[in-house]
Amino acid sequence: MQVVILDDPESVAEFAARRIAHVIAVAASRGRAGAIGVATGSSPLGTYRHLADLAAAGQLDLAHVSAFALDEYVGLPYDHPESYHAVIARTVTEPLGLDPALVHVPDGAATDPQAACARYEELIRGAGGIDIQLLGIGANGHIGFNEPTSSLTSRTRIKTLAQRTREDNARFFDSPDQVPIHCITQGLGTIADAGQALLVATGGSKAAAVAAMVEGPVTSMCPASVLQMHPHATVVVDDEAASRLTMRDYYQDVFRRLPGTDR
Ligand code: F6R
């Protein structure tokens, strides 16, 4: 796991966008369009803005790139402004100029959500897998909506949101009881299959979860700790989110010595 500590959220976003652009360029050089795994929530918004800028400046060609969202609420209609179908369209598909036909979100409005989970796994496989998965982390250590005690090898499935997650996400709804109880999320095993995992976290409210993910044991009590098992996982944090890491100097030393194509 590589840990990159940067001064502020803007630098985190720029670093992450450049890393994604680099992975897409490598895929293109190998004759593949590439697939990005995309997260919702506040953490990746700056990254999407920087990616949109790179695309607008002609430094990134996303015309044939696919995108796969991590998760979706169960029971919200697609056109609900907080359904992840709508959020991904608003924050990813439109600003990045992706082809909507190549952007996929789990079908939380399906009449048979179990079948929708299996279909989603098929879709990812059919696209040749995800080249780089962008992630945020919940204050309880979740990635996607894999709440504490999620199986470390889980696949896309229906989960029940933790109370903490529902409280954290209440800011997007008119009242806390409008936050759905169930979701469909890529599993930890699904996320682990991505060629690269790129997690961004900023702010002091994420510091404990970041420390548990990076320096704690691999445990389903901190689902993000599964990234310790990933051969190409990068955690990009600002100073505040890094504030509870004990090996900070080491991470910074490693980062300074990196040959820098994408820093
Ligand atoms: C959303 C997702 C979640 C969020 C996490 C952090 O698709 O997968 O794991 O990344 O809840 O949310 P923010 O970034 O809003 O703090």
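The values are calculated or read from the model by the stated rules, or taken from the named source; none is laboratory data. Note that the structure is predicted; figures quoted are calculated from it, not measured. Using ideal geometry, Cβ is built from the backbone for each residue, glycine included, and neighbour counts are taken over all protein chains shown. Just so you know, the surface numbers come from the protein's heavy atoms only, side chains and all, with ligands and any DNA or RNA stripped out. Shrake-Rupley method; radii C 1.70, N 1.55, O 1.52, S 1.80 Å.
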Rounded to the nearest 20 debye, what is the charge dipole size of the chain about its Cα centre when +1 sits on each Lys and Arg Cβ and -1 on each Asp and Glu Cβ? 640 debye
Starting from the Cα gyration tensor of the stretch 144-244, take the square roots of the eigenvalues, sort them a ≥ b ≥ c, and report rounded, prolate or oblate (rounded when a/c is under 1.5, otherwise prolate if a/b is larger than b/c, else oblate). oblate
Distant-in-sequence amide H partners of GLN196 (H built 1.01 Å from N, under 5 Å): ILE132, GLN133
By its C-alpha gyration tensor, with a ≥ b ≥ c as the square roots of the eigenvalues, how is the stretch 59-206 shaped: rounded for a/c under 1.5, else prolate for a/b larger than b/c, else oblate? rounded
In nanometres, the difference between 0.36 nm per residue of separation and the alpha-carbon distance of ALA101 and ALA25 is 25.3 nm
The answer for VAL4, listing residues at least 5 apart or on another chain whose modeled amide H is closer than 5 Å to its amide H, is VAL235, VAL236, VAL237
Report the normalised scattering of the chain as log10 I(q)/I(0) at q = 0.08, 0.09, 0.13 Å⁻¹, calculated by the Debye formula with identical scatterers on the alpha carbons. -0.28, -0.36, -0.79
Residue-normalised value, i.e. accessible area per residue, for the chain at 1.4 Å probe, in Å², stands at 44 Å²
Rounded D (µm²/s) - the stretch 79-143, Kirkwood Rh over Cα pairs, Stokes-Einstein at 4 °C, 1.567 mPa s: 95 µm²/s
Under 5 Å between amide H atoms, partner at least 5 residues away or on a different chain: which partners does PHE173 have, H built in plane at 1.01 Å? none
What is the spin-label model distance, in nm, from ASP112 to TYR78 if the labels are put 7 Å beyond Cα along the C-beta direction? 1.9 nm
Whole-Hz Karplus couplings 3J(HN,Hα) for the stretch 32-39, θ = phi - 60° and coefficients 6.51, -1.76, 1.60, Gly and Pro as x, run 10, 6, x, 9, 10, x, 10, 10
Rounded to one decimal in nm, the spacing of the 7 Å Cα→Cβ label points at ARG256 and GLN163 is 4.6 nm
Just to verify a number: what accessible area does CYS117 come out at with the full protein assembly present, 1.4 Å probe, Å² rounded to tens? 10 Å²
Along the stretch 133-148, what does the Karplus equation 6.51 cos²θ - 1.76 cosθ + 1.60 (θ = phi - 60°) give for ³J(HN,Hα), rounded to whole Hz, x for Gly and Pro? 9, 7, 9, x, 10, x, 4, 9, x, 6, 10, x, 10, 7, 6, x
For the chain, what are the DSSP H helices with axial Cα length of 15 Å or more and mean Kyte-Doolittle hydropathy of at least 0.0? 9-29, 45-56
Roughly speaking, what is the stretch gain from GLN59 to PHE173, that is 0.36 nm per residue apart minus the C-alpha to C-alpha distance, in nm to one decimal? 37.4 nm
Shape call for the stretch 5-99, from the Cα gyration tensor axes a ≥ b ≥ c (a/c under 1.5 means rounded, otherwise prolate when a/b beats b/c, else oblate), comes out oblate
Of PHE255, PRO148, ALA21, which is farthest along the charge dipole of the chain in the positive direction, counting Lys and Arg as +1 and Asp and Glu as -1 at C-beta? PHE255
Accessible carbon and sulfur surface of the stretch 76-202 relative to its total accessible area, %, 1.4 Å: 54 percent
Of THR160, ALA209, TYR48, farthest towards positive along the dipole that unit charges on Lys, Arg, Asp, Glu beta carbons give the chain: ALA209
Set Lys and Arg Cβ to +1 and Asp and Glu Cβ to -1, take the dipole of the stretch 30-136 about its Cα centre, and tell me which of ALA89, GLY129, GLY75 lies farthest positive. GLY129
